[in-house]
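Input: a single structure, listed below in structure tokens.
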Amino acid sequence: MILPIVEGHGEVTAVPILIRRVVTHYAPDVYADVGQVIRIKRTGLIQPGGVERTMELAARQTQPTDGILILLDADDDCPREIAESLLARARAARPDRAVCVVAANREYEAWFLAAARSLRGRRGLADDMEPPANPEAIRDAKGWLAQNTPRGFSYKPTIDQPALTQIFDLEQAYAARSFQKMVKDVVSLARLS
């Protein structure tokens, strides 16, 4: 089982969909069992003692053979640095649990931008939408999505994030480095059980 820890309301529903899609696509020989999502605000996770308390909670909901995936937006932080820092703290808190930390470069929605062609005409998005040159450099990916609609689309993470997660092209999103890391980590955790 993979137990996701996320920061946003939209990810509570979207990340289990994403985990199942990634495992089905990149490791079709493995079953993707996803546990009950834990949602912790980013500030609560990164503050002193935050990831440590969260790991204790996750450990109570998992077995030693299960994996824990912490997924958060890097925002303006370096994705690698924040992920490595949280991973070291998480492993120190619970060395008996397999844990991976993925920091989406800027935000989760950057992966939708990388796969923009696959989202053309879907959920009110423009029929001719092209991905930006560097999707992970866009600071407001939600706003970028809203700007690329002729029909007054208003991005609502709790509704649109799960829906777009269900349909975006994983291979197109693989152009985003933070998505590549997420795929690698999810497959690694799925192969544990």
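The values are calculated or read from the model by the stated rules, or taken from the named source; none is laboratory data. The structure displayed is predicted, hence computed values, not measured ones. In this analysis, Cβ positions are derived from the backbone assuming ideal geometry, glycine residues included, and neighbour counts consider all displayed protein chains.
Values computed for the structure shown
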{"read-out": "Within the range 18-35, tally of residues that are crowded, with 17+ Cβ neighbours inside 10 Å and either within 22 Å of residue 109 (Cα to Cα) or touching a strand residue (DSSP E or B) at 6+ places or on another chain (Cβ under 6 Å) (or both)", "value": "8"}
{"read-out": "Any hit, the range 26-39, residues being charged (D, E, K, R), modelled with pLDDT of 95 or more and closer than 17 Å to residue 182 by Cα", "value": "yes"}
{"read-out": "Segments classed as helices (runs of 4 or more DSSP H), wholly inside the range 85-184, with at least 3 members that are in contact with a helix residue (DSSP H, G or I) (Cβ under 6 Å, 6 or more places away or on another chain) and basic (Lys, Arg)", "value": "none"}
{"read-out": "Conditions (1) within 17 Å of residue 186 (Cβ to Cβ); (2) of a type in the set (Asp, Glu); (3) in contact with a Lys or Arg (Cβ under 8 Å, 6 or more places away or on another chain); number of the one not met by residue 29", "value": "(3)"}
{"read-out": "Given (1) closer than 30 Å to residue 147 by Cα; (2) of a type in the set (Asp, Glu); (3) assigned to a helix (DSSP H, G or I), index of the condition residue 76 fails", "value": "(3)"}
{"read-out": "Per-region count, the range 169-189, residues under 13 Å from the mean Cα position of the chain (by Cα) and either over 21 Å from residue 122 (Cα atoms) or buried (at least 19 other Cβ atoms within 10 Å of the Cβ) (or both)", "value": "12"}
{"read-out": "Candidates 74, 115 - the one that is at pLDDT 95 or above, more than 30 Å from residue 60 (Cβ to Cβ) and under 17 Å from the mean Cα position of the chain (by Cα)", "value": "115"}
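A quick yes/no check of all residues on (1) surrounded by fewer than 19 Cβ atoms within 10 Å (Cβ to Cβ); (2) among the small types (Gly, Ala, Ser):
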site: 67; (1), (2): no, yes
site: 77; (1), (2): yes, no
site: 87; (1), (2): yes, no
site: 105; (1), (2): no, no
site: 120; (1), (2): yes, no
site: 132; (1), (2): yes, no
site: 141; (1), (2): no, yes
site: 144; (1), (2): no, no
